[in-house]
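Visitor: Mind looking over this structure? Questions follow.
The values are calculated or read from the model by the stated rules, or taken from the named source; none is laboratory data. None of these values were measured; they are calculated from a predicted model. Here Cβ is always computed from backbone atoms with ideal geometry, including for glycine, and neighbour counts include all displayed protein chains.
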Amino acid sequence: MSDTRDSLFDGPALDPAALVELRSFCEPGEDDLVAELIEIFLEDTPLRLATLGEAVASGDTETISSQAHAMKSSSGQLGAVVFSALCKELEQRGRDQQVDGVEALFTRLMDEFARVRTALQAFAD
């Protein structure tokens with residue numbers, strides 16, 4: 001990856017402005033949409049990461065692309081910018097059937113998920 005791409009993978013675990021914007025769509029007295037989205041993300045993502053890890057290990061580029069795509073969208077909505085950028089890169093490599101470097105990207109993604117999970121849990125509390 002180039003230095004430009006590496007810079008996409010730097011930064012805070014969350015952009016809190018994205019969560020604040022999501023919260024603005026809630027009507028007073030409604031269940032907290034953001035809390036629900038965080039809960040779904042935190043339940044769903046470990047399952048997707050496990051599937052992605054198996055795909056990375058076996059070189060299944062179709063599954064790499066599909067799992068990364070799904071996580072890219074959901075993480076982006078929650079403001080997990082770095083996580084989403086890593087997913088985008090994995091998705092593209094899967095589409096291009098390029099497996100070189102996907103293990104390292106997956107490792108970075110797992111590390112980033114740990115940061116995102118901690119930040120989302122703190123935000124939800």
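Yes/no per residue for (1) polar (S, T, N, Q); (2) within 13 Å of the chain's Cα centre (by Cα); (3) within 14 Å of Met110 (Cα to Cα):
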residue: Arg48; (1), (2), (3): no, yes, yes
residue: Thr51; (1), (2), (3): yes, no, yes
residue: Glu54; (1), (2), (3): no, no, yes
residue: Asp60; (1), (2), (3): no, no, no
residue: Ala70; (1), (2), (3): no, yes, no
residue: Ser74; (1), (2), (3): yes, yes, no
residue: Gly79; (1), (2), (3): no, yes, no
residue: Ser84; (1), (2), (3): yes, yes, yes
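Visitor: May I pose another question? Taking the residues in the stretch 56-70 that are under 12 Å from Asp100 (Cα atoms) and not hydrophobic (A, V, I, L, M, F, W, C) as candidates, determine which candidate is surrounded by the fewest Cβ atoms within 10 Å (Cβ to Cβ). Talk me through it step by step, then tell me what you get.
Guide: Within the stretch 56-70, the subset under 12 Å from Asp100 (Cα atoms) is 56-57, 59, 61.
Now narrow it down to the ones that are not hydrophobic (A, V, I, L, M, F, W, C): 59, 61.
Working: Gly59: 11, Thr61: 18.
This residue is Gly59.
Visitor: Could you please find all residues in the stretch 30-42 being within 16 Å of Phe83 (Cβ to Cβ) and exposed (fewer than 15 other Cβ atoms within 10 Å of the Cβ)?
Guide: Once the filter is applied, which keeps residues that are within 16 Å of Phe83 (Cβ to Cβ) and exposed (fewer than 15 other Cβ atoms within 10 Å of the Cβ), the stretch 30-42 yields only Ile40.
Visitor: Further question on the same structure: Tally time: how many residues in the stretch 57-74 are modelled with pLDDT of 95 or more and either in contact with a Ser or Thr (Cβ under 8 Å, 6 or more places away or on another chain) or among the β-branched types (Val, Ile, Thr) (or both)?
Guide: Just the residues of the stretch 57-74 that are modelled with pLDDT of 95 or more, to begin with: 57-72.
Those still in the list that are either in contact with a Ser or Thr (Cβ under 8 Å, 6 or more places away or on another chain) or among the β-branched types (Val, Ile, Thr) (or both) too: 61, 63-64, 67, 71-72.
Summing the residues that are modelled with pLDDT of 95 or more and either in contact with a Ser or Thr (Cβ under 8 Å, 6 or more places away or on another chain) or among the β-branched types (Val, Ile, Thr) (or both) in the stretch 57-74 gives 6.
Visitor: Separate question: Which numbered condition trips up Ser84, out of (1) modelled with pLDDT under 95; (2) within 17 Å of Glu103 (Cα to Cα); (3) of a type outside the set (Lys, Arg)?
Guide: (1)
Visitor: Within the stretch 75-125, can you find the residues that are touching a residue at least 40 places away in the same chain (Cβ under 8 Å) and either within 15 Å of Thr63 (Cα to Cα) or of a type in the set (Lys, Arg) (or both)?
Guide: Glu89, Val99, Val102, Glu103, Phe106, Arg108, Arg115, Arg117
Visitor: Give Glu21, Glu27 a once-over and let me know the one that is surrounded by fewer than 11 Cβ atoms within 10 Å (Cβ to Cβ) and either assigned to a helix (DSSP H, G or I) or not basic (Lys, Arg) (or both).
Guide: Testing whether each residue is surrounded by fewer than 11 Cβ atoms within 10 Å (Cβ to Cβ) and either assigned to a helix (DSSP H, G or I) or not basic (Lys, Arg) (or both) leaves just Glu27.
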